[in-house]
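A.B. asks: Here it is: the structure, laid out below.
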């Protein structure tokens, strides 16, 4: 028997395999508990802002700042970040189309999306993929930025769960893939 089943669109998808389904059910409980725990409006607003900045605003501002402050010295670093970002985009779009894993907020009505999702599927977290990749590349070249970038990347990753848009494994996969792509870029 195949390790995948047909999903709701009639296509074969890894997200419908029995192991994936069991993981998703377990993670739905985690997502629900996480959302019930984080209910304070100011914390939700903070995570929504972090997530919005993680859409690209923060990262492209960082790249522009590096070029303005460091000049030509920063060009290879920014080039690596841009290349890694492009590969991250291609990889996560391909994986989302391949796995077609519904977001937690689409699977359980008790999990409210606290911001609008950028696309339909959840695996992997593109925000986390980019945050980890960009952070590792920048901190490798400019270690003094670690105090800012490392906590921001962690907040971006957490925001995806807090906002009801991703499962923990989506975020973990995004972090692992982002770390691997950063290493390749370096």
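The values are calculated or read from the model by the stated rules, or taken from the named source; none is laboratory data. It should be emphasised that the depicted structure is a prediction, and the values quoted were computed from it without experimental measurement. Glycine gets a Cβ as well: all are built from the backbone with ideal geometry, and neighbour counts include every protein chain shown.
A.B. asks: Hey, any hits in the range 106-121 for a residue that's in a helix (DSSP H, G or I) and within 14 Å of the chain's Cα centre (by Cα)?
C.D. replies: No, that holds for no residue.
A.B. asks: Of all residues in the range 126-145 being closer than 14 Å to residue 79 by Cβ and in contact (Cβ under 8 Å) with a residue 60 or more places away in the chain, which is surrounded by the most Cβ atoms within 10 Å (Cβ to Cβ)?
C.D. replies: Looking at residues that are closer than 14 Å to residue 79 by Cβ and in contact (Cβ under 8 Å) with a residue 60 or more places away in the chain, I get 134.
A.B. asks: In the range 106-125, what count of residues is obtained for those that are in contact (Cβ under 8 Å) with a residue 60 or more places away in the chain and under 17 Å from residue 52 (Cβ atoms)?
C.D. replies: Going through the range 106-125 one residue at a time, the tally reaches 3.
A.B. asks: When residue 39 is evaluated against the numbered criteria (1) modelled with pLDDT under 80; (2) assigned to a helix (DSSP H, G or I), which criterion, by number, is the only one it fails?
C.D. replies: Residue 39 satisfies all of (1) modelled with pLDDT under 80; (2) assigned to a helix (DSSP H, G or I) except (2).
A.B. asks: Looking only at the range 89-104, decide whether some residue is modelled with pLDDT of 90 or more, crowded, with 16+ Cβ neighbours inside 10 Å and either assigned to a loop (DSSP other than H, G, I, E, B) or in contact with a helix residue (DSSP H, G or I) (Cβ under 6 Å, 6 or more places away or on another chain) (or both).
C.D. replies: For the range 89-104, residues modelled with pLDDT of 90 or more, crowded, with 16+ Cβ neighbours inside 10 Å and either assigned to a loop (DSSP other than H, G, I, E, B) or in contact with a helix residue (DSSP H, G or I) (Cβ under 6 Å, 6 or more places away or on another chain) (or both): absent.
A.B. asks: Quick test for you: out of 66, 28, 49, 83, pick the one residue that is surrounded by 12 or more Cβ atoms within 10 Å (Cβ to Cβ) and without any contact (Cβ under 8 Å) to a residue 24 or more places away in the chain.
C.D. replies: Details: 66 fails: without any contact (Cβ under 8 Å) to a residue 24 or more places away in the chain; 28 fails: without any contact (Cβ under 8 Å) to a residue 24 or more places away in the chain; 83 fails: without any contact (Cβ under 8 Å) to a residue 24 or more places away in the chain.
The conditions single out 49.
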